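*Asks:* Just dropping this structure here.
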Amino acid sequence: MSTQPLTFLSKLIPYISASRPGAWLFSHVLHHCDRLALKLSRGRSTLTSTLSGLPVIMLTTTGAKSGLTRTVPLLGIYDPNHPNDPDYLAIIASNWGQKHYPAWYFNLKANPNATGVINGSTYSYLSREASGAEYDKFWQTASKMYIGFPRYKERASNRHIPIMILTAMPKT
């Protein structure tokens with residue numbers, strides 16, 4: 001999840017995606033574009049990371065009800081004490097500021113094992129929900145990294161926005 005030099009477009013994209021119309025548009029089409037970009041780049045880049053410079057993890061979970069695998073692009077939030085360490089990171093269940101939780105959140109709650117692809121490398125993760133000081137640390141880091149998170153929190157109204165911690169499992 002490397003960062004790239006910011007261009008005018010990469011500075012503009014987060015503001016567009018943080019707006020209500022942008023969030024609606026991106027929530028409906030961006031994951032399709034990210035999958036195509038990931039395939040064309042042989043797993044090294046997504047459209048989101050290319051356009052915005054934001055770190056993206058392609059997270060694969062097991063469906064809570066269906067048992068089928070589901071892959072979704074999410075912003076990966078590195079621990080500020082361990083920047084660029086893909087063995088321990090967070091993902092935010094903001095769901096673009098909608099009033100309901102994203103499906104991947106329920107998937108991780110039901111089955112905490114997941115797989116993530118970051119810059120072409122695959123990791124096996126065990127997930128858990130953050131709380132207390134750990135939650136606060138990752139929320140502050142996420143809010144500084146991407147303007148959309150504080151805006152999504154406002155739009156989500158009374159819904160608590162969970163943060164899931166992904167810890168890499170030892171390779172066997």
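Read the figures in this text as sums done on the coordinates, not as results from a lab. None of the values given here were measured: they were computed from a predicted structure. Don't worry about glycine lacking a Cβ; one is built from the backbone with ideal geometry, like all the others, and counts go over all protein chains shown.
*Asks:* For region 152-157, in order, what is each residue's ³J(HN,Hα) by Karplus, 6.51 cos²θ - 1.76 cosθ + 1.60 with θ = phi - 60°, in whole Hz (x at glycine and Pro)?
*Replies:* Couplings: 5, 4, 4, 5, 5, 6 Hz.
*Asks:* Using per-residue counts of other Cβ atoms within 10 Å, averaged over each peptide, order 152-158, 75-81 from highest down. List each step's numbers first, then the result.
*Replies:* On the way: 152-158: 13.7, 75-81: 18.4.
Per-residue Cβ counts within 10 Å, averaged per peptide and sorted highest first, yield 75-81, 152-158.
*Asks:* Treating only the Cα positions of region 55-172 as identical point scatterers, give the base-10 log of I(q)/I(0) from the Debye formula at each q in 0.10, 0.11, 0.12 Å⁻¹.
*Replies:* -0.27, -0.33, -0.39
*Asks:* Another question, if that's okay. Using the 10 angstrom Cβ neighbour count as an exposure proxy, how do 20, 128 rank, fewest first? Could you put the intermediate results ahead of the total?
*Replies:* On the way: 20 11, 128 14.
Ascending number of Cβ neighbours within 10 Å: 20, 128.
*Asks:* According to the square roots a ≥ b ≥ c of the eigenvalues of the Cα gyration tensor, what is the shape class of region 106-146, taking rounded for a/c under 1.5, prolate for a/b larger than b/c otherwise, and oblate for the remainder?
*Replies:* Working: a/c = 2.75, a/b = 1.30, b/c = 2.12.
Because a/c hits 1.5 or more and a/b fails to exceed b/c, region 106-146 counts as oblate.
*Asks:* List the lysines whose Cα lies under 23 Å from the Cα of residue 144, skipping any in the same chain that are fewer than 8 positions away.
*Replies:* 11, 99, 153
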